[in-house]
1. Among the residues of region 375-398, is any of a type in the set (D, E, K, R) and open to solvent by less than 60 Å² (accessible area, probe 1.4 Å)?
2. Output the residue which, of all residues in region 294-308 that are within 14 Å of S399 (Cβ to Cβ) and buried (at least 20 other Cβ atoms within 10 Å of the Cβ), is nearest to the chain's Cα centre (by Cα).
3. Name, by its number, the condition in (1) open to solvent by 30 Å² or more (accessible area, probe 1.4 Å); (2) in contact with a strand residue (DSSP E or B) (Cβ under 7 Å, 6 or more places away or on another chain); (3) closer than 30 Å to D249 by Cβ that does not hold for V353.
4. Residue pairs, Cβ under 7 Å, 6 or more apart or interchain, first in region 348-371 and under 19 Å from H155 (Cα atoms), second of a type in the set (A, V, I, L, M) and in a strand (DSSP E or B). List them.
5. Exactly one of (1) closer than 18 Å to G333 by Cα; (2) in a loop (DSSP other than H, G, I, E, B) is unmet by G221. Its number?
6. In this structure, does D165 turn out to be charged (D, E, K, R) and touching a Leu at 6+ places or on another chain (Cβ under 7 Å)?
7. Identify, by number, the condition in (1) touching a Pro at 6+ places or on another chain (Cβ under 7 Å); (2) among the basic types (K, R); (3) closer than 21 Å to T160 by Cα that R11 doesn't meet.
8. Mind listing whichever residues of region 105-151 are open to solvent by 70 Å² or more (accessible area, probe 1.4 Å) and under 30 Å from the mean Cα position of the chain (by Cα)?
Amino acid sequence: MTNQDIGHLYRAHLSTIKARADRALEKGGFDHLLVASGVEKFEFLDDRPYPFKPNAHFKAWLPLTRHPSCWIAYTPGRKPVLVYFQPDDYWHVPPTAPEGVWVDDFDIRVITDPAEAAQHLPTTGKCAILGEADAALPGFEPNNPKTVINYLHFHRTWKTAYELDRMRAAQRRAVPGHLAARAAFQAGASEARIHAAYLAATGHTDLDAPYNSIVGLNEHGATLHYQYKDAQAPGRNRSLLIDAGAEVDGYASDITRTWGDGDADFAALVNAVDNEQLALCDKVRAGTDYRDLHLECHLRLGGVLRTLGIVDMDPGQMLSSGLTSTFFPHGLGHPIGLQVHDVAGFTDEDGTVIPRPDGHPFLRMTRVLEPGMVVTIEPGLYFIPTLLSKLRARPEGKSVNWDKVERLLPWGGVRIEDEVHCTDGAPENLTRDAFAAV
């Protein structure tokens, strides 16, 4: 896609962002919207900064992800102002002069001192100021009015054509990393080396990846948010569960794949979960309640447990008794976009919570799917010792083939995750399309 094409998509996107801001300000009774990008934060009693992560509300307007101490000031009907912080600094590389497809759409004011931003913000009227407390300037303290925040969060679930283009690009950036990780796993590498291979193939560093990648070998695949990366390879690389994404212009991808060493039982489990995952992806269609899709996932995974001889029980009984939650203890997925776990997955535009199904406290999406929404579909089956020990003590534990469970414990677990775009017709699987292109 050419810069001209991206520019066309961006300008249509900006029109949507301004229209949403107009309505949010009207609902909240405000005259202006001010958005702080955020400030650089430092470690306690040290001069080393944490990696800078911009306010997602700021990224919604502009693809600027390395720019602390910037502000957007928007008044309905007027050209938005961008206060652009460009320090005169010889210790670090300062931001370049403003450039990109967006520059003509903003009244850009370059400052060299963060305090100068206040000179370019509205001095009259009522302001909705979005940001963290430490971004405050004298007379401009973030108030994050709930009416405005809730409305913007709710409507951010619908992606513009520009956002979808950036999200597809983030998928394409992540896929080579997953393939490099698989090759490193098959070569017997450690978690740390697998992670290094992923970063090298995506062109990311640990500091600019959208989240801390999960790189779990063997039993580590049973820890849902495994946070370490062992430098020493195990004696045998049985399995790899890698949950890792990439970022393009502030938009994240979030992909999980599981690879095995050829063991027949584990390969059957991976293939079965993959088949059910694809079937669930095909059901990301307009009018579907995501809660129903989550419960269907439990039934489908219960069918896998029964077919593979792991649990001898009807899948409906497994769901009603909570047994499937031992092997699948998280939600089916979540919205994604400017944030990996994007906001408003279970609220309406006024912030009212749309309840999760009873017994499923970790589901991050409870809304009805509509065209333009992008969600992850990530079923999994895991052998988690602490949950299995609780199940063994329950009456339902008698239906479990514990010999088979013990046999699979060293492989940890399986998760397959794609991002799926709900359309007016058949869903678009952004992740599978990116793999197919490679």
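1. yes
2. So the residue we want is G302.
3. Result: V353 passes all but (3).
4. Short answer, once both residue conditions are applied: M365/V375.
5. (2) is the only condition that G221 fails.
6. Yes: the conditions hold for D165.
7. Every listed condition holds for R11 apart from (1).
8. Matches in region 105-151: E132, A133, D134, E141, N143, K146.
The values are calculated or read from the model by the stated rules, or taken from the named source; none is laboratory data. What you see is a predicted model, and the numbers here were worked out from it, not measured in a lab. No Cβ is skipped: glycine too gets one built from the backbone with ideal geometry, and neighbour counts run over all protein chains shown. Ligands, DNA and RNA are stripped out before the accessible areas are found, and what is left, the full protein with its side chains, is counted by its heavy atoms. Shrake-Rupley method; radii C 1.70, N 1.55, O 1.52, S 1.80 Å.
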